[in-house]
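The next block holds one structure in the form of structure tokens; read it before the comments.
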Amino acid sequence: MREKAKPAGRPVQAYLFADPVSHTLSPVMHNAAFAACGLAGEYSARWVSAAELGQALASLRVEGVLGANLTIPHKETAVAYMDSLSGAARTIGAINTVINVGGQLHGDNTDAPGLAAALSDAGDAGGPAVVLGAGGAARAAVYALRLRQREVFVVNRTPDRARSLTAALGGQALDRAAVSWEQVSLIVNASSAGLNDPDQTPLLDFDFAALPPSALVYDMVYKPAETRMMREARAAGLRAENGLGMLAQQARLAFIAWTGCEIGIKVFLDALRLHGLDRGAPL
Ligand SMILES: NC(=O)c1ccc[n+]([C@@H]2O[C@H](COP(=O)([O-])OP(=O)(O)OC[C@H]3O[C@@H](n4cnc5c(N)ncnc54)[C@H](OP(=O)(O)O)[C@@H]3O)[C@@H](O)[C@H]2O)c1
């Protein structure tokens, strides 16, 4: 089902549709990947409002266009415009990658396998996991963890949203006080707490020493590179990593789906590093 990009001739195109698009690093990752694969291709970000989404998606159905990535606020609304969906996209109810397959639009969600790959790269050893948040990123996280038979607890500021999420995707919605933290081997922050704000944390007044010393704290937020949650987890002796690995992995999986070029993660991480982003200072 995958169309291979052509190595020469008119450059193939891929896009990011978002509103707003400012400060996105997707073009630097994908354009580095085109170069590394020896493909004539261009990835560009387009500011697409909710009202323009249908038209923007229709414009992908032409030869020479590989597809698009979608981000805020299009991941859920775009589902209705797809001709087919991957199992992950259908279950999560959101797509971040559109693939133009001979004029038919296939919707996929590479956030979920991207997170799984990033957790594995970060040394996640399995075991019970707590997901913080109940939006689209949390849905992808719960899907990825449940697919791997993990025990998952969802803690969210608005408990009703956590309950709706677990009713649809599995896992158990819990209040923070009801979690047996001493048994938790992974915390994933899939909330937007801490995004662009070094003083914010989804776990205020929390004792990270309640977790086993081998636990991993994975924050999907990557700006700042060391979030308050990561800093506090590290101060308690835990391993902590930001969401840059997930960002790179979801991009890599989208790129492979578009081009068939099985490129390694290093190209994506190096492109991010060149633009001043890294996975956070080591312990
Ligand atoms: N690294 C990556 O590749 C990657 C990929 C996708 C997303 N992300 C990041 O993941 C985060 C969530 O994205 P999303 O699309 O799921 O957003 P979303 O749908 O808007 O959901 C945001 C979630 O965060 C919670 N929240 C917001 N502020 C909070 C606070 N101060 N304290 C506690 N909880 C708070 C919300 O709780 P309520 O339900 O109570 O409102 C909600 O559950 C964002 O920071 C995004 O940048 C990273």
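The values are calculated or read from the model by the stated rules, or taken from the named source; none is laboratory data. Remember, predicted model here, so these are calculated numbers, not experimental data. Here the Cβ is made from the backbone with ideal geometry for all residues, glycine too, and neighbour counts use every protein chain on show.
Please verify whether the stretch 182-199 includes one or more residues that are out of contact with any Lys or Arg (no Cβ under 9 Å at 6 or more places or on another chain), under 20 Å from A122 (Cα atoms) and either without any contact (Cβ under 8 Å) to a residue 24 or more places away in the chain or assigned to a helix (DSSP H, G or I) (or both).
Looking through the stretch 182-199, at least one residue is out of contact with any Lys or Arg (no Cβ under 9 Å at 6 or more places or on another chain), under 20 Å from A122 (Cα atoms) and either without any contact (Cβ under 8 Å) to a residue 24 or more places away in the chain or assigned to a helix (DSSP H, G or I) (or both).
Within 30 Å of V12 (Cβ to Cβ), of a type outside the set (V, I, T), at pLDDT below 95 and within 14 Å of the ligand (Cβ to nearest atom) - does that describe any residue in the stretch 102-113?
Keep residues of the stretch 102-113 that are within 30 Å of V12 (Cβ to Cβ), which gives 102-113.
When the remaining residues are screened for being of a type outside the set (V, I, T), the result is 102-109, 111-113.
Cutting the leftovers down to at pLDDT below 95 gives us none.
So far as the stretch 102-113 goes, no, none of its residues is within 30 Å of V12 (Cβ to Cβ), of a type outside the set (V, I, T), at pLDDT below 95 and within 14 Å of the ligand (Cβ to nearest atom).
Need the failing condition index for A88 against (1) closer than 17 Å to A190 by Cβ; (2) within 12 Å of the ligand (Cβ to nearest atom); (3) assigned by TED's automatic domain parsing to the domain that holds P20, just the number.
Just one mismatch for A88, condition (2).
Have a look at V62, V21 and point out the one that is on the phi < 0 side of the Ramachandran plot and either under 21 Å from the mean Cα position of the chain (by Cα) or not assigned by TED's automatic domain parsing to the domain that holds C261 (or both). First the steps, then the outcome.
Values: V62 fails: either under 21 Å from the mean Cα position of the chain (by Cα) or not assigned by TED's automatic domain parsing to the domain that holds C261 (or both).
Matching residue, one of V62, V21: V21.
Say we look at the stretch 153-179 and pick out the residues that are free of Cβ contacts under 8 Å to residues at least 24 places away in the same chain and near the ligand (Cβ under 9 Å from one of its atoms); which of these is nearest to Y218 (Cα to Cα)?
P159
Residue check, P20 against (1) modelled with pLDDT of 95 or more; (2) within 15 Å of the ligand (Cβ to nearest atom); (3) not β-branched (V, I, T), all met but one. Which one?
Of the numbered conditions (1) modelled with pLDDT of 95 or more; (2) within 15 Å of the ligand (Cβ to nearest atom); (3) not β-branched (V, I, T), the odd one out for P20 is (1).
Sort through Y218, Y222 and tell me the only one that's closer than 30 Å to G107 by Cβ, in contact with a Gly (Cβ under 7 Å, 6 or more places away or on another chain) and aromatic (F, W, Y). Can you show your working first?
Working: Y218 fails: in contact with a Gly (Cβ under 7 Å, 6 or more places away or on another chain).
From the options Y218, Y222, the qualifying one is Y222.
From the list G133, G123, G93, exactly one residue is within 11 Å of the ligand (Cβ to nearest atom) and on the phi > 0 side of the Ramachandran plot. Which is it? Walk me through it before giving the result.
Details: G123 fails: within 11 Å of the ligand (Cβ to nearest atom); G93 fails: within 11 Å of the ligand (Cβ to nearest atom).
So the residue among G133, G123, G93 that is within 11 Å of the ligand (Cβ to nearest atom) and on the phi > 0 side of the Ramachandran plot is G133.
Taking E241, is it modelled with pLDDT of 95 or more, closer than 12 Å to A225 by Cβ and of a type in the set (D, E, K, R)?
Working: modelled with pLDDT of 95 or more: yes; closer than 12 Å to A225 by Cβ: yes; of a type in the set (D, E, K, R): yes.
It is true that E241 is modelled with pLDDT of 95 or more, closer than 12 Å to A225 by Cβ and of a type in the set (D, E, K, R).
When you look at L25, is it of a type in the set (A, V, I, L, M, F, W, C) and out of contact with any strand residue (DSSP E or B) (no Cβ under 9 Å at 6 or more places or on another chain), yes or no? Let's see the steps before the verdict.
Values: of a type in the set (A, V, I, L, M, F, W, C): yes; out of contact with any strand residue (DSSP E or B) (no Cβ under 9 Å at 6 or more places or on another chain): yes.
Taking the combined requirement at face value, the residue satisfies it.
Restrict the check to the stretch 239-260 and report whether at least one residue is surrounded by fewer than 16 Cβ atoms within 10 Å (Cβ to Cβ), away from the ligand (no atom under 13 Å from the Cβ), over 16 Å from the mean Cα position of the chain (by Cα) and not assigned by TED's automatic domain parsing to the domain that holds E42. Can you show your working first?
Taking the stretch 239-260 first, the residues surrounded by fewer than 16 Cβ atoms within 10 Å (Cβ to Cβ) are 260.
After this cut, where a residue has to be away from the ligand (no atom under 13 Å from the Cβ) as well, the list is 260.
With the extra rule that they be over 16 Å from the mean Cα position of the chain (by Cα), the set shrinks to 260.
After this cut, where a residue has to be not assigned by TED's automatic domain parsing to the domain that holds E42 as well, the list is none.
No, that holds for no residue.
So which residues in the stretch 120-131 are assigned to a loop (DSSP other than H, G, I, E, B) and in contact with a strand residue (DSSP E or B) (Cβ under 6 Å, 6 or more places away or on another chain), if there are any at all?
Those that are assigned to a loop (DSSP other than H, G, I, E, B) and in contact with a strand residue (DSSP E or B) (Cβ under 6 Å, 6 or more places away or on another chain): A122, D124.
Criterion first (at pLDDT below 95 and touching a strand residue (DSSP E or B) at 6+ places or on another chain (Cβ under 9 Å)) does I72 satisfy it?
On the way: at pLDDT below 95: yes; touching a strand residue (DSSP E or B) at 6+ places or on another chain (Cβ under 9 Å): yes.
Here the answer is yes, as I72 does meet what is asked.
Inside the stretch 180-193, can you point out the residues that are within 15 Å of the ligand (Cβ to nearest atom) and under 20 Å from G237 (Cβ atoms)? Spell out the reasoning first.
So in the stretch 180-193, the residues within 15 Å of the ligand (Cβ to nearest atom) come out as 187-193.
Within the stretch 180-193, I187, V188, N189 meet the criteria.
If we only count helices (runs of 4 or more DSSP H) wholly inside the stretch 10-119, which ones have 2 or more residues that are crowded, with 23+ Cβ neighbours inside 10 Å?
Numbers: elements: 26-36, 53-58, 87-92.
Those helices (runs of 4 or more DSSP H) span 26-36, 87-92.
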